[in-house]
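Have a look at the structure below before the remarks.
The values are calculated or read from the model by the stated rules, or taken from the named source; none is laboratory data. As the structure is a prediction and not an experimental result, all values here were calculated from the model. In this analysis, Cβ positions are derived from the backbone assuming ideal geometry, glycine residues included, and neighbour counts consider all displayed protein chains.
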Amino acid sequence: MAIRTIVKDTEDILHKKCRTVEKFDEKLWSLLDDMAETMYKANGVGLAAPQVGLLKRICVIDVGNGLVEFINPEITLTSSAIIEDTEGCLSSPGEYAIVKRPKKVKVKAQNRKGEEFSIVAEDLFARAICHETDHLNGVIFKDICEYMLDPADLK
Ligand code: NI
């Protein structure tokens, strides 16, 4: 495993749409391992492939209940209940914003073997899924936030 460099949000790659993954091979597995290691090292709860410089529809999330790898994730249902909360991103160090997200989402994806699964997530897990799937569509939290927080207020 290896730590990969995290791309900053000023880079073009974070504003592009990612491509569907079709090969579930050892190269993918080592990328997934590296992404998890990179996320944990940076104390993040989620990381998407474009953040390590690859336009692939892959993200990893761990909000404290164990690692989940999502390949070709698709949000299929969102709750009408919306939660407004503070959000940050490993590609935007020191920047935080208030972002509205559905309280609950249903997502379908493939695992590292290419098998389909679907899960229902709530609260922080749902927020992380929305944030990471946005990355796969070239959208960052700053594009869709209600407002940015003043760094002086965070001290
Ligand atoms: Ni992010």
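Among E87, E95, E122, which is the only one that is touching a His at 6+ places or on another chain (Cβ under 7 Å) and closer than 30 Å to D153 by Cα?
E87
Determine, yes or no, whether V52 is closer than 24 Å to D123 by Cβ, within 14 Å of the chain's Cα centre (by Cα), surrounded by 15 or more Cβ atoms within 10 Å (Cβ to Cβ) and modelled with pLDDT of 95 or more.
Criteria not met by V52.
Taking only pairs six or more apart or across chains, which ones have beta-carbon atoms under 8 Å, a first residue in the range 59-87 that is within 25 Å of L149 (Cα to Cα), and a second residue that is acidic (D, E)?
Taking only residues 6 or more apart or on different chains, the pairs are I61/E132; I83/D123; E84/E146.
Is it the case, given these coordinates, that V139 is of a type outside the set (S, T, Y) and touching a strand residue (DSSP E or B) at 6+ places or on another chain (Cβ under 7 Å)?
No, not satisfied.
So if I check each of T86, T78, which one is over 13 Å from the mean Cα position of the chain (by Cα) and within 15 Å of the ligand (Cβ to nearest atom)? Write out each step before concluding.
Numbers: T78 fails: within 15 Å of the ligand (Cβ to nearest atom).
Answer to the check: T86.
Scan the range 95-138 for residues that are without any contact (Cβ under 8 Å) to a residue 24 or more places away in the chain and under 26 Å from D12 (Cβ atoms) and jot them down.
Listed by number, the list holds a single entry, D134.
Select from the range 36-48 the residues that are outside any strand (DSSP E or B) and within 11 Å of the chain's Cα centre (by Cα) and list them in ascending order.
Across the range 36-48, the qualifying residues are M39, G44, V45.
Please verify whether K8 is within 13 Å of the ligand (Cβ to nearest atom) and surrounded by fewer than 17 Cβ atoms within 10 Å (Cβ to Cβ), treating the condition exactly as stated.
For K8, the condition - within 13 Å of the ligand (Cβ to nearest atom) and surrounded by fewer than 17 Cβ atoms within 10 Å (Cβ to Cβ) - is met.
Of the conditions (1) more than 13 Å from the ligand (Cβ to nearest atom); (2) part of a helix (DSSP H, G or I), Q51 satisfies every one except a single condition; which number is it?
So the condition that Q51 fails would be (1).
Can you name the residue in the range 12-48 that is out of contact with any strand residue (DSSP E or B) (no Cβ under 7 Å at 6 or more places or on another chain) and in contact (Cβ under 8 Å) with a residue 60 or more places away in the chain and is also nearest to the ligand (Cβ to nearest atom) among such residues?
The qualifying residue nearest to the ligand (Cβ to nearest atom) is L14.
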